[in-house]
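Novice: Sending over a structure as C-alpha cells; questions will come in a sec.
Since every read-out is calculated from the coordinates, none of them should be taken as a lab result. What you are looking at is a predicted structure, and each value in this text was computed from that prediction instead of being measured. Ideal geometry is used to build each Cβ from the backbone, glycine not excepted, and the neighbour counts take in all protein chains shown.
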Amino acid sequence: MALLDWIAPESGLRLEGEGVILRPPRASDFQEWRDLREKSRAFLQPWEPTWPGDDLTRDAFRRRLTAYSRDMAAGVSYPLFVFRSSDGALTGGITLSNIRRGVAQMGTVGYWCGVSYARQGQTLAAVRTLTLFAFRTLALHRLEAACVPHNQASRKLLVRAGFSEEGLARAYLKINGAWHDHVLFGQVSPLKAAHGPEFSA
C-alpha cells in the first residue's frame, strides 16, 4: 500500500490558483480519474498519444504512480491533478515535465481537461498556477508548450496564459497514432530572481 500512496497529504505540495487546486495524484483518485477519462475518451484522443489497451485499469494507474514518484524525486517532472476549488471535483491534469537545469533552466507544460469541464476556466487557471510555481518556486527561466495547429482552443489558452507563439515544428510528436506538426509556444520568467517559495513543496 505504501507504493500506491507514495504521495501523502503531509508531503505538502498543493498549489492553489483561481478556482483550482493542484496536487499530485494519489491511489485514492483512481476511480474518479478513470471515470473522467473514460467519459472524455472521444474528446481527448485526437490530442493525445494512443492510449494503451489497459490504460484505464488500476494496474496501469499504479504504474503511473510509480513513474510519477520516480520523476518527482529526481526533480525532472511534476505531474498534478486539477481539482475545482468549489466542490473538489477532478477536472483534468497538468504536468511540468522535461525539466532541464544547468544552462537551460526550463521545462515543458502539458495538460488535459475532462469533457465536462472544457472551456470553464479551470485549465487556464491551472496553467497560470503552474507557471507561477515553475518561475517562483523552482526558479526556472523558461517554459515551453506545444499543440497541433488546428487545436484552436489550446492555442488561445496558451496565449491567455502568457505564452508567445514561436514557430512550427514538423512531425514533432506522435499523436493518436500519427506524427503531427506542432505549434511551439514559450514563456520566459519575468522575475529577475526567485524570492523564496510561493508554494510549499
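Novice: Per the helix-only calculation at 222 nm, which mean residue ellipticity applies to the chain, given -39500 (n - 2.57) for every DSSP H run of n ≥ 4 and division by its residues, nearest 500 deg cm²/dmol?
Specialist: Rounded to the nearest 500, the figure is -7500 deg cm²/dmol.
Novice: Do you know the relative contact order of the chain, to the nearest whole percent, from alpha carbon pairs under 8 angstrom that are 6+ apart?
Specialist: 21 percent
Novice: Related question: Find me the longest stretch of the chain that has none of the exposed GluC sites (Glu not before Pro), where exposed means in a DSSP loop (not H, G, I, E or B) with at most 16 other Cβ atoms within 10 Å.
Specialist: With a cap of 16 other Cβ atoms within 10 Å, the longest stretch comes to 19-197.
Novice: Quick one: compute a quarter of the convex hull surface over the Cα atoms of the chain and quote it in nm².
Specialist: Mean shadow area of the hull around the Cα atoms is 11.4 nm².
Novice: Using the charge dipole of the chain (Lys, Arg: +1 at Cβ; Asp, Glu: -1 at Cβ; taken about the Cα centre), state which of 158, 21, 183 has its Cα farthest towards the positive end.
Specialist: The listed residue farthest towards the positive side: 183.
Novice: A follow-up question, please. Using a simple spin-label model with points 7 Å from Cα along the Cα→Cβ vector, what separation in nm is obtained for residue 98 and residue 14?
Specialist: Spacing of the two 7 Å Cα→Cβ label points: 3.2 nm.
Novice: With a cap of 16 neighbouring Cβ atoms within 10 Å, and only residues DSSP puts in a loop, list the trypsin sites (Lys or Arg not before Pro) found in the stretch 81-175.
Specialist: 101, 119
Novice: With labels modelled as points extended 7 Å from the Cα through the Cβ direction, what inter-label distance (nm, one decimal) is found for residue 108 paired with residue 152?
Specialist: Calculated label separation equals 2.7 nm.
Novice: Sticking with this structure for a sec: Dipole magnitude of the chain about its Cα centre, charges +1 at Lys/Arg Cβ and -1 at Asp/Glu Cβ only, in debye to the nearest 20?
Specialist: For this selection, approximately 300 debye.
Novice: Let's test the formula: R0 of 35 Å, r as the Cβ-Cβ distance of residue 54 and residue 28. What FRET efficiency results, to the nearest 0.05?
Specialist: It comes out at approximately 0.95.
Novice: Once you have the Cα-Cα distance between residue 43 and residue 171, take 0.36 nm times their residue separation minus that, and quote the gain in nm to one decimal.
Specialist: 43.9 nm
Novice: Further question on the same structure: Rounded to the nearest 5, what % of the DSSP beta bridges within the stretch 12-188 are antiparallel ones?
Specialist: Restricted to the stretch 12-188, the bridges split so that about 90 percent are antiparallel.
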